[in-house]
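Here's the structure we're looking at; comments come further down.
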Amino acid sequence: MSEQSNNTGFATNAIHFAYDAQQEQGALNPPLHLSSTYTFESAEHGADLFAGNAQGHFYSRISNPTLDILEKRIACLEGAQSGLSFASGMGAISATMWTLLQSGDEVLADITLYGCTYAFMQHGLSKFGVSVKFVDMTDTDALASAITPRTKLVYFETPANPNMRIVDIQTVCSLARDAGAISIVDNTYATPYLTQPIALGADLVIHSATKYLGGHGDLVAGLLVGSTDLVNQVRVEGLKDMTGACMSPFTAMLIMRGLKTLELRMQRHSQSAQTVAQYLTDHSAVKHVYYPGLVEHPQHELAKKQMRLFGGMIAFELNGGLESGKALMNELKMIQRAVSLGDAESLIQHPASMTHAAYTPEQRAAHGISDTLVRFSVGLESVADILNDFDQAFSACHEPSTGSLMAKDKAVIRNQTLDQLRSVRHLTDCV
Ligand code: 4LM
């Protein structure tokens with residue numbers, strides 16, 4: 001499909017955009033261009049490429065024909081002008097920040113960020129004379145009064161990792177714009193299928209493509225989208241000269257394969273997560289469940305406004321606190337204990353001692369990250385098997401079962417009792 005025809009649906013663009021098989025000898029999938037360097041027609045042509053007076057590839061740290069397709073495709077899915085690929089999500093974050101900031105600038109960041117993003121902001125940027133203020137961006141009045149003329153960037157995740165706080169993209173980006181600051185949204189948890197921050201006013205959107213975009217736990221990668229001006233600036237400064245954190249064409253091929261099923265996977269992740277969140281909510285051993293699809297979530301209405309579905313990530317706390325959380329994790333059989341998220345396999349981890357260990361206990365308390373929180377990335381397995389695994393783990397921890405599976409969200413599990421679900425396998429596959 002040519003680049004002009006992007007008034008087609010999300011899934012169609014995720015599969016076809018920016019690639020024409022007829023230009024590549026009919027090859028259904030884009031070829032892998034493994035060349036590190038590119039030849040010039042003449043000495044003058046090479047000089048023109050380097051000077052930016054001619055278009056074309058000259059070295060794969062800066063651009064590559066395979067990466068080019070992925071970059072155009074993610075830009076299309078996010079509704080942005082341009083895209084750029086990186087060796088990791090942290091590569092995307094650091095290259096972008098180093099390009100846009102200089103000594104004396106100030107960054108306003110939300111209080112809840114992925115642990116390494118927080119470490120980069122808190123410890124990394126200060127080494128270069130950039131100050132970072134952490135503000136609760138769910139409180140837009142607090143944000144409005146924190147913005148100063150020195151504020152260069154406003155940065156947040158929504159849903160936030162790990163506690164599922166939802167930030168109002170439209171309001172926060174408009175406050176940033178009015179103050180002359182650039183807004184950056186980390187859209188890793190939502191993916192462009194659920195939320196498109198550019199349409200809501202964001203200047204730049206960042207992804208850890210390691211997660212849902214790749215979708216199979218077999219790569220590490222980052223992506224950035226935004227205006228052609230900003231993205232090009234990051235390409236020629238942050239990527240080319242400062243970090244060199246470029247993506248491999250093999251990785252781009254795997255992400256493009258993942259994107260083909262992104263819509264289907266996000267639908268299934270979201271559907272199963274709603275069922276699991278309801279199951280956990282009704283379990284007597286569970287103290288609190290954080291999932292934006294639950295009406296009890298404090299920002300459920302906002303989530304409904306800016307998310308197509310509520311995604312595959314859940315956080316919860318048990319009545320017995322941290323020790324109960326660890327005991328539960330250790331009893332799970334199918335669900336895997338691992339960091340990362342967005343894979344086919346259900347993954348469970350403890351943020352305070354794992355992904356968010358870069359925060360001190362005091363910082364976690366101040367940033368709304370409870371030490372008793374358990375994070376669950378709902379996989380693509382049959383949902384009844386996910387519930388069964390929790391059931392047997394709770395029983396092994398001597399937590400009484402509430403028999404709650406039967407009474408859970410009837411709309412979601414279609415009035416099936418767990419026994420019925422167990423006996424009608426093909427039905428569980430579409431729950
Ligand atoms: C994790 N996360 O949470 P790379 N932005 C967000 C993230 O969750 C992550 C990154 C950026 C986890 C990794 C172990 C919202 C990562 C950084 O890991 O550098 O691709 O992305 O489990």
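Quick look at the numbers
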| read-out | value |
| --- | --- |
| Those helices (runs of 4 or more DSSP H) lying entirely in segment 233-312 with at least 2 residues without any contact (Cβ under 8 Å) to a residue 40 or more places away in the chain and open to solvent by 60 Å² or more (accessible area, probe 1.4 Å) | 300-306 |
| Residue list for segment 392-407, filter: under 15 Å from SER346 (Cβ atoms) and either modelled with pLDDT under 95 or buried (at least 20 other Cβ atoms within 10 Å of the Cβ) (or both) | ALA393 |
| So LEU108, is it open to solvent by less than 20 Å² (accessible area, probe 1.4 Å), aliphatic (A, V, I, L, M) and within 16 Å of the ligand (Cβ to nearest atom) | no |
| Which numbered condition ILE198 misses (of (1) within 19 Å of the chain's Cα centre (by Cα); (2) within 16 Å of the ligand (Cβ to nearest atom); (3) in a helix (DSSP H, G or I); (4) among the aliphatic types (A, V, I, L, M)) | (2) |
| Cβ-Cβ under 7 Å pairs, at least 6 apart or on other chains, segment 361-381 side open to solvent by less than 10 Å² (accessible area, probe 1.4 Å), far side part of a helix (DSSP H, G or I) and of a type in the set (Ser, Thr, Tyr) | VAL378/SER272 |
| Pick from segment 92-105, criterion of a type outside the set (Gly, Ala, Ser) and within 12 Å of the ligand (Cβ to nearest atom), ranking: nearest to PRO159 (Cα to Cα) | ILE93 |
| Single residue of ARG150, ARG165 found to be open to solvent by 30 Å² or more (accessible area, probe 1.4 Å) and either under 30 Å from GLY217 (Cβ atoms) or within 20 Å of the chain's Cα centre (by Cα) (or both) | ARG165 |
| Checklist (1) open to solvent by less than 30 Å² (accessible area, probe 1.4 Å); (2) in a loop (DSSP other than H, G, I, E, B) applied to ASN13, failing item | (2) |
| Boolean, MET329 is more than 21 Å from PHE156 (Cβ to Cβ) and not in a helix (DSSP H, G or I) | no |
| Filter pass, ARG61 being open to solvent by 30 Å² or more (accessible area, probe 1.4 Å), at pLDDT 95 or above and among the charged types (D, E, K, R) | yes |
| Matching residues in segment 65-106 - criterion: being polar (S, T, N, Q) and within 24 Å of LEU200 (Cβ to Cβ) | GLN81, SER82, SER85, THR96, THR99 |
| In segment 65-85, the residues that are open to solvent by less than 10 Å² (accessible area, probe 1.4 Å) and either within 25 Å of THR151 (Cβ to Cβ) or without any contact (Cβ under 8 Å) to a residue 60 or more places away in the chain (or both) | GLU78, LEU84 |
| Selection within segment 176-195 - of a type in the set (Val, Ile, Thr) and either away from the ligand (no atom under 13 Å from the Cβ) or under 21 Å from GLN267 (Cα atoms) (or both) | ILE182, THR188, THR191, THR195 |
| Evaluation of ILE206 against (1) touching a Phe, Trp or Tyr at 6+ places or on another chain (Cβ under 7 Å); (2) within 10 Å of the ligand (Cβ to nearest atom) (one fails), failing number | (1) |
| Exclusive hit being within 16 Å of the ligand (Cβ to nearest atom), open to solvent by less than 40 Å² (accessible area, probe 1.4 Å), under 19 Å from ALA365 (Cβ atoms) and outside the structural domain of ALA315 (by TED's automatic domain parsing), set TYR155, TYR118 | TYR118 |
| Index of the failed condition, SER88 passing every other in (1) closer than 25 Å to PHE250 by Cα; (2) polar (S, T, N, Q); (3) more than 15 Å from the ligand (Cβ to nearest atom) | (3) |
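The values are calculated or read from the model by the stated rules, or taken from the named source; none is laboratory data. What you see is a predicted model, and the numbers here were worked out from it, not measured in a lab. Quick reminder, even Gly has a Cβ in these numbers, built from the backbone with ideal geometry, and neighbours come from all protein chains shown. To get the accessible areas, we keep the full protein, side chains included, count just its heavy atoms, and leave off ligands, DNA and RNA. Shrake-Rupley method; radii C 1.70, N 1.55, O 1.52, S 1.80 Å.
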